[in-house]
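The values are calculated or read from the model by the stated rules, or taken from the named source; none is laboratory data. Computed from a prediction, not measured in an experiment: that's the story for all the values here. Don't worry about glycine lacking a Cβ; one is built from the backbone with ideal geometry, like all the others, and counts go over all protein chains shown. SASA here: full protein model, heavy atoms, side chains in, ligands and nucleic acids out. Shrake-Rupley method; radii C 1.70, N 1.55, O 1.52, S 1.80 Å.
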Amino acid sequence: MQAKTLAVILAAGEGTRMKSAKPKVLHSILGRSLLSWVVGACADARIDELVCVVGNQAQKVEEACKAAAAKHGIAQISVVEQKERKGTGHALMVAKEILEQSDAQNVLVVSADSPLLKATTLEKLIAMQQSQALACALLSFNASNPFGYGRILRTAQGDMLGIVEEKDASLEEKKISEANAGVYVFDKSALLYHLSALSNDNAQGEYYLTDMLSILLNAKLPCGALMAEDETEALGVNNRVQLAHAAKVMQRRINEAHMLAGVTMWDPDSVFIEADVTIMPDVELLPQVILEGNTHIESNCVIGPQTRIESSYIGEASLVEESIVVQSRVEDRVSIGPRAYLRPETHMKSQSKAGTHVEIKKSVIGKGSKIPHLSYVGDAVFGEGVNLGAGSITCNYDGFKKHKTVVGDQSFIGSDTMLVAPVSIGNDVIVAAGSTITEDVPDDALAIARSKQVNKEAYVSKLREKLQANTSE
Ligand code: UD1
Ligand code: CA
């Protein structure tokens, strides 16, 4: 039987370098917090049990941890509070009791600020520790800029000696490019036996988890390092420059996966797709597209340029151009934009249209119905084949309450019409342009609600004569 693995996520740190009121590990990249990305990687690596060490803004981080575990399907999770932050080694010390009680044989330790770690790498590290019966297997990487990371110390023969932190490193040691990713798999009993040997006799006065390596090696226990194939995986987010860097790497990873699955992108660098978005093949994404939340896009849609879609469904072969769509349902062959704004609970049925400078909120727009230009539609239900002329709006708000507008099938609403809700327009109605409709209109009727036009004939020439006479006096 395979040994059980318990994962400890270190998430208690102050995150001082972020200069933020928000805990560092709750900063997001592409729709997930740093913490949630790490929990996801642990879940995908099929760990058996999760322990989260929290401290800074403990309650918030604890809630986020539990939510992330639930989202990623980790059933067994516990949270332990590190009241004083005395370093990564100390963070593990406060989890000691939980580790002792667990029936897991090995312990994976990861930092919550390493969102780019891949599950496959964690699995490899766990397998390496198991197959070689190591007291510790750690992940190292060849850093193009190792500044800020712990460096792996080795003998001339290449045998590992330990890890030295940036702040404690000599000039010579700072030149070492093999860096510590902060990911370890320990044999649980070896870790627990030697944990108390950690001291805080160093530049930062902290208990460094990194010292476990030399402690275990000095006790003649076997340790090994797995070199990450790709150094970006090990990127730790300590400041907002690194946050942006990690987001860039994640953006490329996500976009490449979509492109390989059949999605065209003119400029992947300007397309931002959050983790939970799903896209079918033969969708074309133009520049500057942001897809958020649990958005789903069906085949043959063309989205963009300059479009943001949040938690919405977009049906087959629809077009969304220069628009914002939020929490809405758009069926097949619908045309949105340019410059439309679909607000929450909008439902555009098949082949309908929301055109230029059109805003729609909490409304159903029936099959084939068109709202082509400059309209506001709120709290409305439009039937099939409706045409709403340019500049027409629903007056859905009386200053106190929102009211409903209903427009029946095949009705034509002329331009610049005010539909003052609550109001109901029947089927096959024509409303004359410029009307202010305050009363219901029955099926098949023509409604005109505007002041009557008066033409005063032979008027302008007389007026001119009169004005000219006045000025020549
Ligand atoms: C750490 C490693 C360094 C490694 C780097 C990789 C140590 C001493 N150094 O440095 O060798 O190259 O990660 O990214 O481990 N935390 C706690 N409690 C604490 C302190 C930190 O839970 O008392 C948590 C933080 O929230 C963070 C993680 O531990 O998620 C790492 O701490 P951080 O301060 O970011 O360590 P680094 O300086 O990056
Ligand atoms: Ca870090």
**Exposed chymotrypsin sites (Phe, Trp or Tyr not before Pro) absent - longest run of the chain, DSSP non-H/G/I/E/B, at most 12 other C-beta within 10 Å** = 148-399
**Asked** Which angle between 0 and 90 degrees, to the nearest 10, do you get for helix 34-44 versus the longest principal axis of the chain when only C-alpha atoms count?
**Response** 70 degrees
**Request:** With the Cα gyration tensor of the chain in hand, give its eigenvalues times 5 under a square root as the equivalent ellipsoid semi-axes, listed largest first in whole angstrom.
**Result:** 64, 23, 20
**Prompt:** How about the stretch 63-151: which trypsin sites (Lys or Arg not before Pro) there lie in a loop by DSSP and see at most 13 other Cβ atoms within 10 Å?
**Reply:** LYS83
**Request:** State the extension gain, in nm to one decimal, for the chain segment bounded by GLN101 and ALA469, taking 0.36 nm per residue of separation less the distance between their alpha-carbons.
**Result:** 121.8 nm
**Carbon + sulfur, % of accessible area of the chain - ligands and nucleic acids excluded, 1.4 Å** = 50 percent
**Message:** Can you tell me, using C-alpha contacts under 8 Å and at least 6 residues apart, the relative contact order of the chain as a whole percent?
**Reply:** 8 percent
**Request:** Pull up all non-local amide H partners of CYS52: gap of 5 or more, or a different chain, and H-to-H distance under 5 Å with H placed in the peptide plane.
**Result:** ILE9, SER78, VAL79, VAL80
**Request:** Take the alpha carbon atoms of the stretch 262-341, find their center, do the same for the stretch 157-192, and report the distance between the two centers in whole angstrom.
**Result:** 45 Å
**Message:** For the stretch 170-312, place one equal point scatterer on every Cα, skip the solvent, and apply the Debye formula. What is log10 of I(q)/I(0) at q = 0.09, 0.10, 0.15 Å⁻¹?
**Reply:** -0.50, -0.58, -0.84
**Asked** To the nearest 10 degrees, how steep is helix 460-472 against the longest Cα principal axis of the chain, on a 0 to 90 scale?
**Response** 90 degrees
**Asked** Once both labels are modelled 7 Å past Cα along the beta-carbon direction, what's the ALA219-SER78 spacing in nm?
**Response** 2.1 nm
**Item:** Debye log10 I(q)/I(0) for the stretch 121-164, one point scatterer per Cα, at q = 0.16 Å⁻¹
**Value:** -0.54
**Asked** Rounded to the nearest whole Å², what accessible area per residue is found for the stretch 377-473 with the 1.4 Å probe?
**Response** 64 Å²
**Message:** Looking at the chain only, what percent of DSSP beta bridges run antiparallel? Nearest 5 please.
**Reply:** 15 percent
**Complete:** Between the Cα axis of helix 240-260 and the main Cα principal axis of the chain, the angle (0 to 90°, nearest 10) is 70 degrees
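Given the alpha-carbon gyration tensor of the stretch 74-215, what are the semi-axes of its equivalent ellipsoid in whole angstrom, ordered largest first, with each equal to the square root of 5 times an eigenvalue?
Working: eigenvalues 116, 69, 45 Å².
Computed over the stretch 74-215, the values are 24, 19, 15 Å.
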**Request:** Skip the ligands, DNA and RNA, and give the accessible area per residue of the stretch 86-202 with a 1.4 Å probe, whole Å².
**Result:** 43 Å²
**Calculated from backbone phi, Karplus (6.51, -1.76, 1.60) coupling profile of the stretch 304-315 in Hz, x at Gly/Pro** = x, x, 6, 9, 10, 10, 10, 6, 10, 10, 10, x
**Fill in**
Cross-link reach from LYS466 to lysines, straight Cα distance under 21 Å and at least 8 residues apart if same chain, gives LYS456
**Prompt:** How much length is gained if the chain between ALA21 and ASN142 is pulled fully straight, taking 0.36 nm per residue apart and subtracting their Cα-Cα distance, in nm to one decimal?
**Reply:** 40.3 nm
**Message:** Helix-only mean residue ellipticity at 222 nm, the chain, DSSP H runs n ≥ 4 weighted -39,500 (n - 2.57), per residue, nearest 500. What is it?
**Reply:** -6500 deg cm²/dmol
